[in-house]
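One structure is given below, encoded as structure tokens.
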Amino acid sequence: MIGLPGLSGCLSLTDETESVELLYIMLTTNLVQEQEIKLEVVSGPDHHFSMTVEMPPIGTDSSEVPGTTTTSQFMIVPDTSDLTVNSVLRARYPDADSWVETALTDADHRHVAGWITLWSPAPTVEYVEYPEKPNQESGAVEGAGITVSEAEEFVDSFMKEQADRDYTVDD
């Protein structure tokens, strides 16, 4: 699994045809120049989601764009449903020859979020996992440390605070 430090799980997807729910994709830039990035969610030859996003440079004043969330982050709630665990989240800069990607096959839980960080010379593409409920034995919440319902509340809150911000680019 490619993931954020400290993220793990002990449940396992046993059937590779099970569906995965991609709750959101979070983009974070660490670049001092404006950067365009292409995103895709694919399963083999099937394209489930495709978008190009133009992120402002880190340090952009919040008065320059709508919303109260940090200008260096942008959340996308993709219109994807019934992704299979063989789905891949991938990203690349327009001038790059190859994609940076992570396979959702590695996820232990069926609810995930993509986490893309813009660096030079290439972005990182990771995912975080959200269990439906805490571990019955320990009471701990595995993965990202919050449950699916808490993640959904986070998405609603973030999208409200992001307001009318639109970093998407028409292809």
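The values are calculated or read from the model by the stated rules, or taken from the named source; none is laboratory data. Predicted model, so just to flag it, every value in this text is computed and none were measured. A quick note on method: Cβ atoms are made from the backbone with ideal geometry, for glycine too, and the neighbour counts reach across all protein chains shown. Remember, those area values only see protein heavy atoms, side chains included, never the ligands or the DNA or RNA. Shrake-Rupley method; radii C 1.70, N 1.55, O 1.52, S 1.80 Å.
Every residue, every condition in (1) at pLDDT 95 or above; (2) of a type in the set (S, T, N, Q), yes or no:
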| residue | (1), (2) |
| --- | --- |
| D15 | no, no |
| Q33 | yes, yes |
| G44 | no, no |
| E54 | yes, no |
| S87 | no, yes |
| R90 | yes, no |
| T105 | no, yes |
| W119 | yes, no |
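For region 49-61, a tally of residues being surrounded by 13 or more Cβ atoms within 10 Å (Cβ to Cβ) and out of contact with any Lys or Arg (no Cβ under 9 Å at 6 or more places or on another chain) returns 7.
Within region 17-28, residues that are open to solvent by 40 Å² or more (accessible area, probe 1.4 Å) reach partners that are assigned to a strand (DSSP E or B) with beta carbons closer than 7 Å, at six or more positions or on different chains, in the pairs T17/T84; S19/L83; S19/T84; E21/H111.
Just checking, does region 53-60 include any residue being within 14 Å of the chain's Cα centre (by Cα) and of a type in the set (S, T, Y)?
Narrowing region 53-60 to residues within 14 Å of the chain's Cα centre (by Cα): 53.
The next check asks that each one be of a type in the set (S, T, Y); those that pass are none.
Scanning region 53-60, I find no residue that is within 14 Å of the chain's Cα centre (by Cα) and of a type in the set (S, T, Y), so the answer is no.
Of the residues A91, A96, which single one is open to solvent by less than 60 Å² (accessible area, probe 1.4 Å), aliphatic (A, V, I, L, M) and in a loop (DSSP other than H, G, I, E, B)? Result of the check over A91, A96: A96.
Give the residues of region 115-171 that are part of a loop (DSSP other than H, G, I, E, B) and small (G, A, S), sorted by residue number.
S120, A122, S138, G139, A140, G143, A144, G145, A163
Restricting attention to region 62-79, the residues being assigned to a loop (DSSP other than H, G, I, E, B) and buried (at least 17 other Cβ atoms within 10 Å of the Cβ) number 6.
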